[in-house]
Ligand SMILES: Cc1ncc(COP(=O)(O)O)c(C=O)c1O
């Protein structure tokens with residue numbers, strides 16, 4: 001007979017609170033008091049409690065006829081299948097044990113593996129060594145001593161620190177915009193900004209470059225707005241798509257300046273002009289350009305005098321600026337809208353004091369004369385690597401930036417070549433799906449101002465050996481600096497200055 005008292009509660013309520021109900025009201029129940037007496041007052045033997053799976057040790061015969069067997073989903077089996085699929089297609093990621101060294105004279109060296117072997121790092125996005133610059137380190141250390149390690153909450157709860165406001169002002173000034181907003185990373189900045197704007201702008205249409213980073217793709221997807229994808233860095237295709245779109249409707253055109261995996265740089269002027277001709281706002285990711293291009297390191301927009309054509313710029317504090325975090329800069333009202341509506345900004349702990357202070361110091365460093373000198377040295381050593389690859393007959397993808405991609409087709413092959421290089425003291429990460437399309441696997445080198453020509457020469461020797469070791473054919477027209485065809489000697493020779501020495505006294 002169903003209990004009229006228990007039956008008045010929902011199943012979930014009974015499941016959660018059945019035991020307390022029994023304790024509190026069981027003594028008033030005529031049926032239960034009888035059972036209690038016969039069970040010696042042991043409520044754990046109560047069939048009601050047992051049925052609701054609160055107590056598991058009631059005799060089997062009391063529950064057989066009332067409890068249905070619950071089929072359990074095989075979670076671990078599912079996860080195993082997912083991982084096996086990744087391993088089978090060689091896209092399973094194994095992170096190397098690598099600790100980059102920050103002590104004076106050690107950058108860009110790292111300790112690798114369990115034995116702490118010293119290797120040269122070629123793939124870090126700490127492009128100019130800002131993470132270990134004394135001015136940046138000192139700022140971060142002093143901030144910890146004054147304000148502690150953590151922010152203490154979201155900006156709404158813990159408040160806006162003076163450093164947060166200073167950093168946002170500095171970023172706005174850098175990008176020549178009225179306002180800026182910082183986020184926990186640029187992935188979050190891109191996702192939160194695009195998902196919010198494209199969702200709230202009524203009937204918004206998004207035009208997204210086919211080569212866009214996952215953070216922008218995710219933001220656009222999360223907005224559920226209608227999107228059109230134009231061919232990578234192709235202004236004609238962008239125009240074609242925009243020309244077919246209705247006028248008077250809000251539109252966003254979304255792309256990157258320096259492409260992270262190919263090193264290509266977009267035709268910024270043309271793309272912005274086309275977007276504006278059709279009444280769209282431009283959202284431009286300068287993640288791999290900030291700190292690295294332009295007189296003050298504001299990116300390709302600054303280098304080409306086009307900052308005013310970028311309506312919303314996004315950047316990172318985690319690559320050339322050597323810290324962590326991301327940001328956007330734009331008009332005051334746009335920034336206030338994202339600040340007020342984007343969950344990815346609102347509901348998360350603010351950036352901590354050492355990161356705020358370290359980022360501010362890094363931005364000022366890279367906007368200074370010393371920053372310009374670091375950038376010039378980076379460009380020189382990048383040129384040296386590109387020429388050295390050419391002379392050695394090793395392949396490279398055409399890149400006009402500081403990113404030097406060496407194609408090695410096949411996820412297994414590229415991993416093997418990276419392993420061969422590591423054995424020879426050079427660390428570069430193999431890039432494969434989903435970061436690049438299958439068949440477009442590569443090694444991605446990003447030499448900086450502290451890589452020397454000797455390091456590059458050693459890398460070229462190691463890379464040549466690694467290609468041989470893994471049976472990868474390439475056009476090896478040079479042997480020991482001499483052309484195989486005409487025996488002419490050839491040596492890469494570019495004007496190379498010594499790396500900038502940090503001043504002993506740091507202001
Ligand atoms: C083009 C691009 N945009 C955004 C991001 C995300 O930046 P963050 O590392 O600050 O999250 C990355 C990261 O690699 C990137 O390559």
Using just the Cα positions, wrap the stretch 85-234 in a convex hull and report its mean projected area in square nanometres, one decimal place. 14.6 nm²
Can you report the principal axis dimensions of the stretch 329-443 using only the alpha carbons, biggest first, rounded to whole angstrom? 53, 37, 27
Just to confirm the number: angle between the C-alpha axis of helix 134-147 and the first principal axis of the chain, 0 to 90 degrees, nearest 10? 30 degrees
Across all Cα atoms of the chain, Rg and the largest Cα-Cα distance (Dmax), in Å, are 30.0, 108
So what are the stretch 66-146's ellipsoid semi-axes, whole angstrom, largest first, if each one is the square root of 5 times an eigenvalue of the alpha-carbon gyration tensor? 44, 21, 11
Take 386, 177 and order them by how many other Cβ atoms sit within 10 Å, fewest up front. 386, 177
Within the chain, what percent of beta bridges assigned by DSSP are antiparallel, to the nearest 5? 60 percent
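Using the count of nearby Cβ atoms within 10 Å as a rough guide to exposure, how do 173, 77 rank from fewest to most?
77, 173
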Answer rounded, prolate or oblate for the stretch 203-266, using the Cα gyration tensor with square roots of eigenvalues a ≥ b ≥ c: rounded when a/c is under 1.5, else prolate when a/b is larger than b/c, else oblate. oblate
In degrees, nearest ten, helix 75-88 long axis to first principal axis of the chain (Cα): 20 degrees
Between 0 and 90 degrees, rounded to the nearest ten: what's the tilt of helix 453-469 against the longest Cα principal axis of the chain? 70 degrees
Principal axes of the stretch 328-368: Cα extent on each, largest first, Å: 34, 24, 10
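Here, each number is a calculation from the coordinates, and none is a lab measurement. Just so it is clear, the model here is predicted, and its values are computed rather than measured. Every residue, glycine as well, gets a Cβ built from its backbone with ideal geometry; the counts of neighbours run over all protein chains shown.
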